[in-house]
Amino acid sequence: VESLQPAEADIYMPENSKEDFLGNIEPYIGENTVEVLDGDMFTFGKDQISGVDLFFYDGPHDHATVSRAVQHFAPCLAPGAIIIFDDANWTDTLTGADEGLAKAGLEIAFSRKIINSIESYQEWWNGLYIVVTK
């Protein structure tokens, strides 16, 4: 796994791992169920995943991959699922998301694009695109 660093030279991100992530979310899980799938997203058996009510996408942000990911996981989503796309400041994230939603036949009940300064600690880092499906 490569170490991803911000575009801004004055910001350094420490190394992290799946274990770090799990430790960081533990105090906030409460009664909820969180399942972390670790691997190539297109190799997971979709027949084993269902009823997903919150899908957070933070994978490759090129148009084609974002679109493909939405279409790939659309059958796994619960009605009224919330989909959050990270790095919405990037055009390909937005256009790929919209194309994937349309091709998957997912109707949008609500959407909000939070676009902000690049890699801002005071804002939503590189933006978010939030979609609630019907």
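The values are calculated or read from the model by the stated rules, or taken from the named source; none is laboratory data. As the structure is a prediction and not an experimental result, all values here were calculated from the model. Cβ atoms come from the backbone with ideal geometry, glycine included; neighbour counts cover every protein chain shown. Protein only, heavy atoms only, side chains kept; ligands, DNA and RNA dropped before computing areas. Shrake-Rupley method; radii C 1.70, N 1.55, O 1.52, S 1.80 Å.
When residue 87 is tested against (1) open to solvent by 30 Å² or more (accessible area, probe 1.4 Å); (2) in contact with a His (Cβ under 6 Å, 6 or more places away or on another chain), exactly one condition is not met: (1).
Annotation for the range 91-98: at least one member residue is in contact with a helix residue (DSSP H, G or I) (Cβ under 9 Å, 6 or more places away or on another chain), at pLDDT 95 or above, of a type in the set (Asp, Glu) and crowded, with 19+ Cβ neighbours inside 10 Å. Among the residues of the range 1-31, which ones are open to solvent by 100 Å² or more (accessible area, probe 1.4 Å), among the polar types (S, T, N, Q) and at pLDDT 80 or above? 24 - this is the single residue of the range 1-31 that is open to solvent by 100 Å² or more (accessible area, probe 1.4 Å), among the polar types (S, T, N, Q) and at pLDDT 80 or above.
Evaluate the following for residue 49: is it surrounded by 12 or more Cβ atoms within 10 Å (Cβ to Cβ) and either acidic (Asp, Glu) or closer than 27 Å to residue 116 by Cβ (or both)? If you could, list the steps in order and put the result at the bottom.
Details: surrounded by 12 or more Cβ atoms within 10 Å (Cβ to Cβ): yes; either acidic (Asp, Glu) or closer than 27 Å to residue 116 by Cβ (or both): no.
So residue 49 does not fit the description; no.
Of the strands (runs of 3 or more DSSP E) that lie entirely inside the range 1-117, not one contains 3 or more residues that are over 23 Å from residue 129 (Cβ atoms).
Can you pull out the residues in the range 72-84 that are of a type in the set (Val, Ile, Thr) and open to solvent by 50 Å² or more (accessible area, probe 1.4 Å)?
Passing the criteria: only 82.
Restricting to the range 52-71, name every residue that is open to solvent by less than 60 Å² (accessible area, probe 1.4 Å), within 25 Å of residue 33 (Cβ to Cβ) and not small (Gly, Ala, Ser). Passing the criteria: 52, 55, 57, 70.
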